[in-house]
Amino acid sequence: MHAATLGVALVLGLAACAPKARPLTGAPTRAALPTFAVDPRPHVLEFTWEYKDETFEAAGEGAVRVQGPDRARLDFFLRNGMAGGYAILIGDTLSTPGGDLVKRLLPPAPLLWASLGRLALPAAPDTAARMDGDTLRADLGALRGKDASGADGRAWRIAVVGNGLHRVERIENGKVMEWVERRQEANGRWRVHYVHERGKRRLTIALTDTRYVEGFDAAIWRRS
C-alpha cells in the first residue's frame, strides 16, 4: 500500500475507535455560560487513583497543590510506596518533568483543569447552547451554524448540572476523542473519570481529603 494511502487508512482507523458526538438536546438558550474557577485559597487535595490502558495498569495515591487562579502541582505515588512522578500546570501549560508515568496518565491542560473544577478552554469563534432540564450543554468551536456533532475540526462540549461543572469533551470532526467527568458522591467527596477513547486510556481519581494551607514554597512550581 502506498505510504500516503496507508497513513490515511491509519488515521481513519484510529478515528473510528472514537464514538460519534450526539447532537445537542434540549431547548436552545442564549444564557451566558457560567465561569468556573478554583478556590483562591491555597489548598491541597489528597486522592487515590487507578489507571488502565491496553498494556498497562497502575494505582496509588497522590496530592494536588492548588494555588489560584491558575497553578497546580500534581504528585502521584505508586501503590506499596514505590516512586511515582509529578506534573506542573500553570495557565494553559502542562509540564511533566516527573517522568513517563505521569505523562501517560494525564489529559491535556484544558481537561486537567476541568478535573479540578476550572473551565479553561481555548478561545472559540462559535457557541451553541441548550438547556435540558437542569443541565446546560454547550459546544464551542468553529461550528458554522451547527453543533459539535456536525462541525469540522476541533470543538469542545461542556455540561453544567445545576451550578457545577460536570463534564468536558474534546471532539474532533464529530468524534468524541477524550473527556473528563466529575461526580460528587453521597459522602460529599468528588470522583473524577478521564477517558481517552481512541487511546483506550482510563484514569479514575477519588478525592479523600482537602486541606487549606497558608501558601506554598515557590520551588514547587519550577519545571526542572
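Data overview
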{"read-out": "Residue in the stretch 61-76 that is out of contact with any Asp or Glu (no Cβ under 8 Å at 6 or more places or on another chain), without any contact (Cβ under 8 Å) to a residue 24 or more places away in the chain and among the polar types (S, T, N, Q) present", "value": "no"}
{"read-out": "Criterion: within 11 Å of the chain's Cα centre (by Cα), touching a residue at least 40 places away in the same chain (Cβ under 8 Å) and in a loop (DSSP other than H, G, I, E, B) - qualifying residue of Ala120, Ala148, Ala114", "value": "Ala120"}
{"read-out": "Selected residue [in a strand (DSSP E or B), surrounded by 12 or more Cβ atoms within 10 Å (Cβ to Cβ) and touching a helix residue (DSSP H, G or I) at 6+ places or on another chain (Cβ under 7 Å)] from Leu203, Leu207", "value": "Leu203"}
{"read-out": "Test for Ser95: is it surrounded by 15 or more Cβ atoms within 10 Å (Cβ to Cβ), closer than 23 Å to Ala219 by Cβ and of a type in the set (S, T, N, Q)", "value": "yes"}
{"read-out": "Glu181 under 21 Å from Arg104 (Cα atoms), part of a strand (DSSP E or B) and free of Cβ contacts under 8 Å to residues at least 40 places away in the same chain", "value": "yes"}
{"read-out": "Residue match in the stretch 79-92 (condition: farther than 23 Å from Ala218 by Cβ, touching a residue at least 40 places away in the same chain (Cβ under 8 Å) and part of a helix (DSSP H, G or I))", "value": "no"}
{"read-out": "Of all residues in the stretch 139-151 being among the small types (Gly, Ala, Ser) and crowded, with 21+ Cβ neighbours inside 10 Å, the one that is farthest from Asn163 (Cα to Cα)", "value": "Ala151"}
{"read-out": "One residue from Arg182, Arg211, Arg198 being modelled with pLDDT of 95 or more and under 23 Å from Asp53 (Cβ atoms)", "value": "Arg182"}
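The values are calculated or read from the model by the stated rules, or taken from the named source; none is laboratory data. Just so it is clear, the structure is predicted and the values come from calculations on it, not from any experiment. Heads up, the Cβs are rebuilt from the backbone with ideal geometry, glycines too, and the neighbour counts pull from every protein chain shown.
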